[in-house]
Number of protein chains: 2
Amino acid sequence: MKRIVRYEDVRHFDLTADVVVCGYGGAGGCAALEARRAGAEVLLIEQASGAGGSTMMSACEMFLGGGGGTRLQRELGFTETTDNFYAYLKACFGDNTDEARLRQFVDNAAAHFDWMEALGVVYKRGFYAGRDVVAMTGDSLQYTGNEQSYPFNTVAAAVPHGHLPADANHEGGLRVMAALVARVTEAGVRTQFDTRAQQLIQDDSGRVRGIVARRFGERQFIEARRGVVLTTGGFIMNEAMTRRHIPSLDAVALRHGNPGDRGDGILMGVAAGGQAINMGEAFVGVAHYPPAQLTYGIFVNAAGQRFINEDIYLARLGHYIHAQPDPRVYLFIDNRFFDRPAYIQTEIVAVGDTVAEVERDAGLPPRALQQTVAFYNEHAARGEDPLFHKSPDYLAPLTTPPYALSSYRLSDLKPPVFTLGGLDVRPTGEVLDSDGDPIAGLYAAGRTVAGIPRNSQGYASGMSVADVTYFGRLAGIQAAAAAPA
Amino acid sequence: MKRIVRYEDVRHFDLTADVVVCGYGGAGGCAALEARRAGAEVLLIEQASGAGGSTMMSACEMFLGGGGGTRLQRELGFTETTDNFYAYLKACFGDNTDEARLRQFVDNAAAHFDWMEALGVVYKRGFYAGRDVVAMTGDSLQYTGNEQSYPFNTVAAAVPHGHLPADANHEGGLRVMAALVARVTEAGVRTQFDTRAQQLIQDDSGRVRGIVARRFGERQFIEARRGVVLTTGGFIMNEAMTRRHIPSLDAVALRHGNPGDRGDGILMGVAAGGQAINMGEAFVGVAHYPPAQLTYGIFVNAAGQRFINEDIYLARLGHYIHAQPDPRVYLFIDNRFFDRPAYIQTEIVAVGDTVAEVERDAGLPPRALQQTVAFYNEHAARGEDPLFHKSPDYLAPLTTPPYALSSYRLSDLKPPVFTLGGLDVRPTGEVLDSDGDPIAGLYAAGRTVAGIPRNSQGYASGMSVADVTYFGRLAGIQAAAAAPA
């Protein structure tokens, strides 16, 4: 299917609005709301029969900080400068950073928290200090990434950035979307479900003038006087696209997203002259905790060597497992700290009363694991990890038999994966062409764009939700302010 | 600049041909020649003032085998089944393989060698057994990749695949292009230099009907009755594109290509509905040999650990240096094997009479390097490398002081980088849209497409030249056979 229709060939429009937002998840809802608040007549369409998108499937942690600290951080005794927040995020993605986007975000992330509270999302003034993917205590503030881990803790002071809806556990997305939908409805945004955007309408000058959607088998021509905002999600549910762009993960992944994450917005944006970037990068989550005590164990590769500090965030682990030349990766642990991970199924490949026995049974090179464990134990007894700098909180000699080795091979684990590539946009959501110029009338946000998080090794829970809601807002504001065509 | 012009808006054409080939390097020359031989009237344009492209800059090794062995392999006593050649290449790229393209290539690679000889390229019946990037002996057959190295040697029997023009050393590209240009000229291909393709002309049905080129500041409208073949190279010389697609390498790379490698063909193909894939992957060449004796050394990361078998090809090393969590990587070697690498500048960061002294001076974790060296030496003395399986040919204890540690940090080395992403095409060069259907009238080959080599860790010298010349031929044949518009 061609994803562009010529405006000059369109004979009539079924619907007209100032701003047409395609996709009613976190990004689309925020874009529509802000566009409406700015005075635009807004039509928000969604391919599913209800709002939510992948945002609703998430715990809706938001990764926020800077500006002295968010209201929640400050009320819980934490402060953070904008520079510190910038330094942390810059360390996460390094050269693969959109500086303008990052600067915009760190300067406004604390205020974005106030915006979320004003939306009606309730945050509980409680800090959860434990090591879990999502706090199960009802508390709203926690560490969700690598803030306390090497090398990030050498670059920025450790501050908890994860802001969770109160008492929601894994269901924060329901709370956030409920509040967002209520405000969107009150504000008078027109919504239409069961409507999938399929083509952009572009005039001969290059300006985007609307969309062609499909609704119950019928084509609908929808005019956008000021602009179209693409917020249709990523492409993890599109098998052809994942085979094309993340082939090596496609083979091992559990697709993590809602069924609408088919890349529609990316494909339409590219057809209009946009650039898809970062398309080979994806989140790879290997949840090696909770329970936290598993972090006392050590990961080893096929050479019996450690390769990372085990106190890292789960997606950083996923990346470095994937980066090993040999896919065989194991967790070695002793009986004192042994447990089963809560969110993944791991197979125990060897158990023994000595390290040598485990090493032999697993087929590791003779004495390699023994040497690794001896070196680790000797330093752990002193609270040191000179090789990888794991936090002393999780350093203790592994000396209580029996010992166990579990497989963390990705093809066995089938870790959840979602995509981090998408359209190249300005912070305002303006979609850029190959010359770096905006395409008139076209905006995008959410996982349809390449956002703040650009790889798995620097990811933290809450980065996507923070990015898609904040930059969704900006895209809506920008589209509403455009001069009508 | 919009990279598409509507056919219906074009008032006249300055030139017309059956097949228009854009880019006169190895791929474009082969495409034009085969299209002409198939009876088409062919126009071959080139943005530079002469033929050559990046093919001419290369040594023009061709990575060939299978079919019982190429004529050169067989005459030098080597045989290779097609299955063995397939197994080797499949091991190189794993899940990131285009099966149809790979099968087509391995089935016809041996015959492609005959085609090159028939073209007039001279190959010398001599096998160079040494370890060098390019044989400097004049011999035409050598190992150029990881054929003899673990794990590839466990998957496929080691056969030399590098086919070099005779007595050319690094200048094989001149020989191949001279032969190709002679045949292209004899065949009656019309050529026009100083002509840069900028836009595709596409009709409302989606068929590509020609190009708009720029020649000495003037626009030229060129009609292609049967098809356009895009062979304009990769995009390593386009700074905006490398920042977008390979940001972390952009920061450390020496751009390796001809000035025309600006991604023009990729951008035009995408504008016509094509899909750019594999855009984040690039060749990263860290030439840790010659001299071969450096392979007796061991590479260690910031934790003082080895991470790879040192007998690998230079681009595999580049990949695994880049994959380390900490950018600091070193070569450790003793005085018996010490030398300086021929093609890169490395800085010696520590020299000492003991390993401990080197370790301390380099700031490595205490005892980490000592343990690594002791373990390595003990096994090397027995001709074994249980951790990474380096060939016994390069195993010897490193016990002759003084010892040296050189930096192989990429940001210091500035290794040559070129891109491996491009249009998604069928083996025939037909450019595919997002539904996987061919775009009528549009073909591509060379580094404008994602070819056989898809990452640095599996690369071998000669893979690109073999891929671009062989599949350039197929694209020319396919375009010539298309029904006129």
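A short reminder: the numbers here are calculations on the coordinates, not readings from a lab. Note that the structure is a prediction, hence the values are computed from the model and not measured. Cβ atoms come from the backbone with ideal geometry, glycine included; neighbour counts cover every protein chain shown.
Points to keep in mind about this one:
- Restricting segment B:1-56 to residues that are on the phi > 0 side of the Ramachandran plot and buried (at least 17 other Cβ atoms within 10 Å of the Cβ), the residue that is nearest to the other protein chains (Cβ to nearest Cβ): B:23
- Wholly within segment A:209-321, strands (runs of 3 or more DSSP E) carrying at least 2 residues that are within 27 Å of residue A:425 (Cβ to Cβ): A:218-230, A:282-284
- Residue that is surrounded by fewer than 22 Cβ atoms within 10 Å (Cβ to Cβ), over 21 Å from the mean Cα position of the chain (by Cα) and within 14 Å of chain B (Cβ to nearest Cβ), where the choices are A:137, A:154: A:154
- When segment B:114-134 is filtered for residues that are free of Cβ contacts under 8 Å to residues at least 60 places away in the same chain and surrounded by fewer than 15 Cβ atoms within 10 Å (Cβ to Cβ), the ones remaining, listed by number, are B:114, B:118, B:122, B:125, B:129.
- Looking at A:477, A:439, just one residue is within 13 Å of chain B (Cβ to nearest Cβ), more than 25 Å from residue A:134 (Cβ to Cβ) and in contact (Cβ under 8 Å) with a residue 12 or more places away in the chain, and that residue is A:439.
- Among the residues making up segment A:266-278, those that are facing chain B (nearest Cβ under 8 Å) and either at positive phi or in contact with an Asp or Glu (Cβ under 9 Å, 6 or more places away or on another chain) (or both) are A:273, A:275, A:276, A:277, A:278.
- The listed residues are B:388, B:337, and the only one of them that is in a loop (DSSP other than H, G, I, E, B), within 14 Å of chain A (Cβ to nearest Cβ) and aromatic (Phe, Trp, Tyr) turns out to be B:388.
- Within segment B:1-94, helices (runs of 4 or more DSSP H) holding 2 or more residues that are more than 24 Å from the chain's Cα centre (by Cα): B:26-37, B:71-75
- Selection of segment A:279-314 for residues being more than 8 Å from chain B (Cβ to nearest Cβ) and either among the aliphatic types (A, V, I, L, M) or under 30 Å from residue A:199 (Cβ atoms) (or both) yields A:282, A:283, A:284, A:286, A:287, A:292, A:294, A:298, A:300, A:302, A:312, A:314.
- Exclusive hit being among the hydroxyl-bearing types (Ser, Thr, Tyr), out of contact with any Ser or Thr (no Cβ under 7 Å at 6 or more places or on another chain) and farther than 15 Å from residue A:115 by Cβ, set A:459, A:470: A:459
- Test: residue in segment B:186-194 that is touching a helix residue (DSSP H, G or I) at 6+ places or on another chain (Cβ under 8 Å), of a type in the set (A, V, I, L, M, F, W, C) and assigned to a helix (DSSP H, G or I): yes
- Flag for residue A:263 being within 20 Å of residue A:57 (Cα to Cα) and within 11 Å of chain B (Cβ to nearest Cβ): yes
- Only one entry of A:85, A:127, A:78, A:93 meets the criterion of being within 14 Å of chain B (Cβ to nearest Cβ), among the aromatic types (Phe, Trp, Tyr) and farther than 14 Å from residue A:470 by Cα, and that entry is A:93.
- Conditions (1) closer than 16 Å to residue A:100 by Cα; (2) buried (at least 22 other Cβ atoms within 10 Å of the Cβ): number failed by residue A:438: (2)
Condition check ((1) more than 14 Å from chain A (Cβ to nearest Cβ); (2) in contact (Cβ under 8 Å) with a residue 40 or more places away in the chain; (3) closer than 24 Å to residue B:105 by Cβ) across all residues:
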| residue | (1), (2), (3) |
| --- | --- |
| B:375 | no, no, no |
| B:382 | no, no, no |
| B:398 | yes, yes, no |
| B:403 | yes, yes, no |
| B:423 | no, yes, yes |
| B:430 | yes, yes, yes |
| B:454 | no, yes, yes |
| B:457 | no, yes, yes |
| B:460 | yes, yes, yes |
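- Where residue B:72 falls short, out of the listed (1) touching a residue at least 60 places away in the same chain (Cβ under 8 Å); (2) out of contact with any strand residue (DSSP E or B) (no Cβ under 6 Å at 6 or more places or on another chain): (2)
- Answer from B:367, B:360 - the residue that is surrounded by fewer than 19 Cβ atoms within 10 Å (Cβ to Cβ), in contact with a Phe, Trp or Tyr (Cβ under 9 Å, 6 or more places away or on another chain) and within 14 Å of another protein chain (Cβ to nearest Cβ): B:367
- Subset of segment B:397-425 [surrounded by fewer than 17 Cβ atoms within 10 Å (Cβ to Cβ) and assigned to a loop (DSSP other than H, G, I, E, B)]: B:399, B:400, B:401, B:402, B:414
- Within segment A:169-182, being surrounded by fewer than 23 Cβ atoms within 10 Å (Cβ to Cβ) and more than 15 Å from residue A:114 (Cα to Cα) holds for A:169, A:170, A:171, A:174, A:175, A:178, A:181, A:182.
- Contact map, segment A:228-255: residues that are within 11 Å of chain B (Cβ to nearest Cβ) paired with residues that are part of a helix (DSSP H, G or I) and of a type in the set (Gly, Ala, Ser), Cβ distance under 7 Å, separation 6+ or inter-chain. Pairs shown: A:252/A:411.
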